[in-house]
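See below for the structure under consideration.
The values are calculated or read from the model by the stated rules, or taken from the named source; none is laboratory data. Just so it is clear, the structure is predicted and the values come from calculations on it, not from any experiment. Virtual Cβ from ideal backbone geometry, glycine too; neighbours counted across all protein chains shown.
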Amino acid sequence: MSYETLAADGGRPGEPTAILEDYDRACATFDWDETRRLLGRLPAGGLNIAHAALDRWVVNGTGDRVAMRFISRQWQRRNYSYAELSRLSSRFANVLQDLGVEPGDRVFTLAGRIPELYVSLFGALKFGAVYSPLFSAFGPEPVSARLEIGGGRVLVTTRSLYRRKVLPVRDRLPALEHVLLTDASGAELPPGTRSFAELMDAAGDAWRIPPTDPEALALLHFTSGTTGKPKGAMHAHEAVVAHYATGRYALDLHPGDVYWCTADPGWVTGISYGAISPLANGVTMIIDEEEFDAARWYRILDEERVNVWYTAPTAIRMLMKQGKELAAAHHYDRLRHLASVGEPLNPEGVLWGKEVFGRPFHDTWWQTETGAIMIANFRGAEVRPGSMGRPVPGIEASIVRVSRDDDGNPVAAEPVTEPGTHGELALQPGWPSMFRGYLGNEARYRRCFAGGWYLSGDMAKRDADGWFWFVGRADDVIKSAGHLISPFEVESVLLEHPAVAEAGVIGLPDPVAGEVVKAFVELKPGHAGSDELALQLVGFARKRLGAALAPRSIAFSSRLPRTRSGKIMRRLLKARELGLPEGDTSTLEQNG
Ligand code: 6R9
C-alpha cells in the first residue's frame, strides 16, 4: 500500500517557524564550523559537552531557566534550573576528585530516570571521565560484561539494582572500585558501597572544567553485534556539535521549548536526545521516572504543555492499541513537533499522530555508532509516511553495494544510483558525533568501512527524490521494543544451562514490539523437551539476562541447522518459523 505525501505543516498561529524551512538551501549552506562557533568554546580551551549543555547558559545569564522538570513515580514535580544542574554536576566532579578517580576513567550508571543519573553524566564529563550508561532492565550478565569491557571504576546505582544485578557478579569486576548508591546512607549501606548523597554533601560546589580536547573521549555506548561480546562505541566531546545541530534541524528545538524524550537513559537515545541535545539547545526537558503508561503520557503532554516530543514506534503502537478515546481526554495545542526513532515506523503510526495530535510523527534514523540523527523527516518539509526521510544538513548518505571477502569483511562499496535499488545504507565519515572506535576492538571497527564509506549494517533504498526507505537489517541483530539485542548474548546464557547443547536465537515479527526474541534449543543427551523445561529455561535466561533480553519463547529441536563450519544458521531458523522460502534469504530482510 502506498500512502500520500503529507504537505509541509505551516504551523498554527503564534508558533515559531521551523528552524529548517528550506531543506535544499540548508544543505547547500550548512557548515559544521559555523555550528561550532554558535556553541562557543570552553573558557579554559577546547570543547566540553557539560559546558555546552549547562555552564554556557549560566555564563550568558540564563541559568535560572528550567533545564529539567523531574516527575517522580508518585507524580511529584521538581524543577532543576540550568544553574542548579551545573552546580550539582560540579559537585559530582569534586566527588570523583575526592575519590581519587583519574581523568579518562570510566564512570557508569545503572539506573532508571532519576536526577542523580543526569548529575553523574555531566559531572563525569566536567571531571574529564568517560561516562557510560547501563540499562536498568539488564540482568547481571549484560551488566558485568559491559562493566568489564569498559573497565568501569565508578558505578552509580540504586540499592535494589545493586543487590540484584551487581552484587552477584562483583567479584568478576576487580576494576570496579567505587559503587555509589543513590538511595542509601549510613548503616543501610551494603558492604563495599558508599552513599551518593553523603559524598555530594561533603564535596565543594566550585569546579573549573579543565581544558578539554574536542577529541577527548566522553561517552561509551554499548551496542550489540551478531557475534562476540558487546561493542563499546566511543564518542568524543566534539559529538555535542552534532547533538546541538540535529536538535535544531531534526527536532526543531527552540530555546525555551518544553521537550520530552521518552527513551530510557540506558540507551543512546536517552543520552544524546534525552539529555545532551535538549540542554545544548536551552530547552526544558521533561524527565518522567515512570515506565510507559498511556493515560499518564497523555496527561504529561497536556499538563506539561509539551512542544516537542521524541518517542519510539513501539510506544506509538502501544498508544494506538489503547484507542483514541483515551487521548481525547486531553488537549495538545502546544504540541508542535512529533518525532520517532529506533525501529521502522509504520505509515499508520505517522498518520495516527496527525489524527490524534493534529501532527504526523516524523521518523528519524540513526544508530549508536552515528551518535546523532542522520536521516529525518523535517518539520518544515513534506512527510512521506513510511520513509525515514532525508539526510540532515552536513550528512552525506548513500545506498551502496558492498563486496565482501570469504570471511565476510567488506572490501569495496559502490554507490548505486538507480532509485529504488536495495543496498546497504552508508554514510560519508567525518561528522562530529561519529564513533571513534569500539573500545578494545579495532578490527571490528575497521570492518565498518569500505570504499571510503561507513557501512551501517542496515539495508535501505532511496527514491528518485532522495528520500530513504528502510528495508531491513543486513545481520541477525534483533530490535525488540526499540532495544538492540545480540542473539549471541542470549545464546551464550542459554548454553550455560546444564540441559542445553546448542542454541539459536532469532527475532520474530510482533505487531507491537516490532520483534520478540525466540530461542531454538538442542538438548544434551538424557534431556527431553517439555513445557516445564521451556519455562525453566525462560526463567533461567530472565534471571541472568534481565527481562529486556530474555527470550519470550523456547522451541526444542533435535538438530539445529548449521553451516559446514558448525555455525547455527539463524536465518534458516527464521525462514522455517515464518514459512518463507529457505533459500531466499533476501526476503528475510523484508521488514513491515
Ligand atoms: C538510535 C538507535 C540502531 C538500529 C539501526 C536500525 C534501527 C533506528 C530506525 C531504525 C528503521 C528507523 N533503526 N531507527 N530502523 N527505521 N527510523 O536506535 O540506535 O540502538 O544503535 O539501533 O535501529 O536497524 O541500525 P541503536
| So which of Ala250, Ala218 is surrounded by 23 or more Cβ atoms within 10 Å (Cβ to Cβ), closer than 12 Å to Gly371 by Cβ and at pLDDT 95 or above? | Ala218
| message | Being over 23 Å from Phe92 (Cα atoms), more than 16 Å from the ligand (Cβ to nearest atom) and either without any contact (Cβ under 8 Å) to a residue 12 or more places away in the chain or over 19 Å from the mean Cα position of the chain (by Cα) (or both) is the requirement here; does Thr158 meet it? | response | no
| said: Checking the structure you have, find out if any residue of the range 535-548 is at pLDDT below 95 and buried (at least 16 other Cβ atoms within 10 Å of the Cβ). | reply: yes
| message | Can you say whether Leu560 is part of a loop (DSSP other than H, G, I, E, B), out of contact with any Pro (no Cβ under 7 Å at 6 or more places or on another chain) and in contact (Cβ under 8 Å) with a residue 12 or more places away in the chain, as far as the supplied structure shows? | response | yes
| Assuming Val517 fulfils every condition listed in (1) within 16 Å of the ligand (Cβ to nearest atom); (2) at pLDDT below 95; (3) of a type in the set (A, V, I, L, M, F, W, C); (4) under 30 Å from Val169 (Cα atoms) apart from one, which condition is it? | (2)
| Among the residues of the range 170-183, is there at least one that is without any contact (Cβ under 8 Å) to a residue 60 or more places away in the chain and under 27 Å from Arg65 (Cβ atoms)? | no
| said: For the range 1-28, give me each residue that is under 20 Å from Leu253 (Cβ atoms) and polar (S, T, N, Q). | reply: Thr17
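Output yes when any residue across the range 447-466 is at pLDDT below 95 and part of a loop (DSSP other than H, G, I, E, B), and no when none is.
No; the residues of the range 447-466 include none that is at pLDDT below 95 and part of a loop (DSSP other than H, G, I, E, B).
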| message | Among the residues of the range 227-235, are any crowded, with 16+ Cβ neighbours inside 10 Å and hydroxyl-bearing (Ser, Thr, Tyr)? | response | no
| request: Taking only the range 508-517 into account, find how many residues are touching a residue at least 60 places away in the same chain (Cβ under 8 Å), in a strand (DSSP E or B) and over 19 Å from the mean Cα position of the chain (by Cα). | output: 2
| Filtered residues of the range 184-224 (kept if over 30 Å from Gly457 (Cβ atoms) and among the acidic types (Asp, Glu)) | Glu188, Glu198, Asp201, Asp205
| field | Residue, farthest from Ile478 (Cα to Cα), within the range 416-468, restricted to residues that are polar (S, T, N, Q) and surrounded by 19 or more Cβ atoms within 10 Å (Cβ to Cβ) | value | Ser433
| Hey, any hits in the range 486-501 for a residue that's in a strand (DSSP E or B) and away from the ligand (no atom under 16 Å from the Cβ)? | yes
| Restricting to the range 417-433, what's the tally of residues that are within 16 Å of the ligand (Cβ to nearest atom), of a type outside the set (Asp, Glu) and touching a residue at least 40 places away in the same chain (Cβ under 8 Å)? | 5
| request: For Trp75, indicate whether it is at pLDDT 95 or above and at negative phi. | output: no
| Every residue from the range 3-62 that is more than 23 Å from Ala218 (Cα to Cα) and hydrophobic (A, V, I, L, M, F, W, C) | Leu6, Ala7, Ala8, Ala18, Ile19, Leu20, Ala26, Cys27, Ala28, Phe30
| query | Are there any pairs, at least 6 apart or on different chains, whose C-beta atoms fall under 6 Å, with the first in the range 64-78 and among the acidic types (Asp, Glu) and the second part of a strand (DSSP E or B), and if so, which? | reply | Asp64/Ser81
| field | Filter result for the condition that a residue is of a type outside the set (Ser, Thr, Tyr), part of a strand (DSSP E or B), away from the ligand (no atom under 16 Å from the Cβ) and in contact (Cβ under 8 Å) with a residue 12 or more places away in the chain, over Val402, Val505, Val471 | value | Val505
| If you scan the range 207-227, which residues turn out to be under 30 Å from Glu491 (Cα atoms) and either within 16 Å of the ligand (Cβ to nearest atom) or of a type in the set (Phe, Trp, Tyr) (or both)? | Leu219, Leu220, His221, Phe222, Thr223, Ser224, Gly225, Thr226
| request: Being more than 16 Å from the ligand (Cβ to nearest atom) and among the aliphatic types (A, V, I, L, M) is the filter here, so list the residues in the range 254-280 that pass it. | output: Val258, Leu279, Ala280
| Test: residue in the range 486-495 that is of a type in the set (Phe, Trp, Tyr), under 26 Å from Gly408 (Cβ atoms) and buried (at least 17 other Cβ atoms within 10 Å of the Cβ) | yes
| request: Would you mind listing the strands (runs of 3 or more DSSP E) fully within the range 281-391 where at least 1 residues are more than 12 Å from the ligand (Cβ to nearest atom) and under 30 Å from Val471 (Cα atoms)? | output: 308-311, 337-340
| task | Considering only the range 402-433, state which residues are modelled with pLDDT of 95 or more, more than 27 Å from the chain's Cα centre (by Cα) and charged (D, E, K, R). | result | Glu414, Glu418
| task | Please specify each residue of the range 16-59 satisfying the condition of being surrounded by 15 or more Cβ atoms within 10 Å (Cβ to Cβ) and of a type outside the set (A, V, I, L, M, F, W, C). | result | Tyr23, Thr35, Arg36, Arg41, Gly46, Asn48, His51, Asp55, Arg56
| task | Considering only the range 434-456, state which residues are in contact (Cβ under 8 Å) with a residue 40 or more places away in the chain, within 30 Å of Gly546 (Cα to Cα) and either touching an Asp or Glu at 6+ places or on another chain (Cβ under 8 Å) or among the charged types (D, E, K, R) (or both). | result | Met434, Phe435, Arg436, Arg444, Cys448, Ser456
| said: Against the definition (surrounded by fewer than 24 Cβ atoms within 10 Å (Cβ to Cβ), among the small types (Gly, Ala, Ser) and within 12 Å of the ligand (Cβ to nearest atom)), how does Gly394 come out, yes or no? | reply: no
